[in-house]
């Protein structure tokens, strides 16, 4: 099984949720909904399970509603977006990183100083390598960016170097 991008795995557009809402209410089978949207059936099942409105006091109102599903999705996303939602936190983290601190040190210092908002080193790394962090080149503030992020295309080996490797190891006389 290959890796699937998050955008392919999760539904993130209101228009798709509206179609699911309409077709689910019409009692269309989930595999058919998935085919029409060009998604895997598991994605639709996960969407219905995660974002179905549940009310114990008024069970007749329970069900899948597109706008409610979108709000639930956005609320889940906001939990993981501290660095975007709170620019003052991002600025403080960036200042420490520019001073040569590691994300672990920054997170520890923020915790020690009893800031009202805490951030973990994982959150710092996640933001640095996210689409938003990449657009701002936030990853450049890290001490060392990973090889896969900063790699440059390599030059082709010269013909003489390629010939020397083509025959394998040569025994020296």
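The values are calculated or read from the model by the stated rules, or taken from the named source; none is laboratory data. These numbers were taken from a predicted model, which means no experiment stands behind them. Because the Cβ atoms are built from the backbone with ideal geometry, glycine has one as well, and the counts that use them run over all protein chains shown.
Looking for whichever is out of contact with any strand residue (DSSP E or B) (no Cβ under 6 Å at 6 or more places or on another chain) and assigned by TED's automatic domain parsing to the domain that holds residue 133 here; the options are 97, 58. Which one fits? Show your work before the answer.
Values: 58 fails: assigned by TED's automatic domain parsing to the domain that holds residue 133.
Selected residue: 97, the only one of 97, 58 that is out of contact with any strand residue (DSSP E or B) (no Cβ under 6 Å at 6 or more places or on another chain) and assigned by TED's automatic domain parsing to the domain that holds residue 133.
For segment 86-99, state whether one or more residues are part of a loop (DSSP other than H, G, I, E, B) and either touching a residue at least 24 places away in the same chain (Cβ under 8 Å) or surrounded by fewer than 16 Cβ atoms within 10 Å (Cβ to Cβ) (or both).
Applying the first criterion (part of a loop (DSSP other than H, G, I, E, B)) to segment 86-99 yields 86, 99.
With the extra rule that they be either touching a residue at least 24 places away in the same chain (Cβ under 8 Å) or surrounded by fewer than 16 Cβ atoms within 10 Å (Cβ to Cβ) (or both), the set shrinks to 86, 99.
For segment 86-99, residues part of a loop (DSSP other than H, G, I, E, B) and either touching a residue at least 24 places away in the same chain (Cβ under 8 Å) or surrounded by fewer than 16 Cβ atoms within 10 Å (Cβ to Cβ) (or both): present.
Based on what the data block shows, is residue 69 touching a residue at least 24 places away in the same chain (Cβ under 8 Å), assigned to a helix (DSSP H, G or I), assigned by TED's automatic domain parsing to the domain that holds residue 19 and under 16 Å from residue 19 (Cα atoms)?
Numbers: touching a residue at least 24 places away in the same chain (Cβ under 8 Å): yes; assigned to a helix (DSSP H, G or I): yes; assigned by TED's automatic domain parsing to the domain that holds residue 19: yes; under 16 Å from residue 19 (Cα atoms): yes.
For residue 69, the condition - touching a residue at least 24 places away in the same chain (Cβ under 8 Å), assigned to a helix (DSSP H, G or I), assigned by TED's automatic domain parsing to the domain that holds residue 19 and under 16 Å from residue 19 (Cα atoms) - is met.
Within segment 28-61, count every residue that is surrounded by fewer than 11 Cβ atoms within 10 Å (Cβ to Cβ), more than 19 Å from residue 72 (Cα to Cα) and either at pLDDT 95 or above or under 24 Å from the mean Cα position of the chain (by Cα) (or both).
The number of residues fulfilling the criteria is 1.
Taking residue 124 as the residue in question, decide whether it is in contact with a helix residue (DSSP H, G or I) (Cβ under 6 Å, 6 or more places away or on another chain), in a loop (DSSP other than H, G, I, E, B) and not assigned by TED's automatic domain parsing to the domain that holds residue 23. Break it down stepwise before answering.
Details: in contact with a helix residue (DSSP H, G or I) (Cβ under 6 Å, 6 or more places away or on another chain): yes; in a loop (DSSP other than H, G, I, E, B): no; not assigned by TED's automatic domain parsing to the domain that holds residue 23: yes.
Answer is no for this residue.
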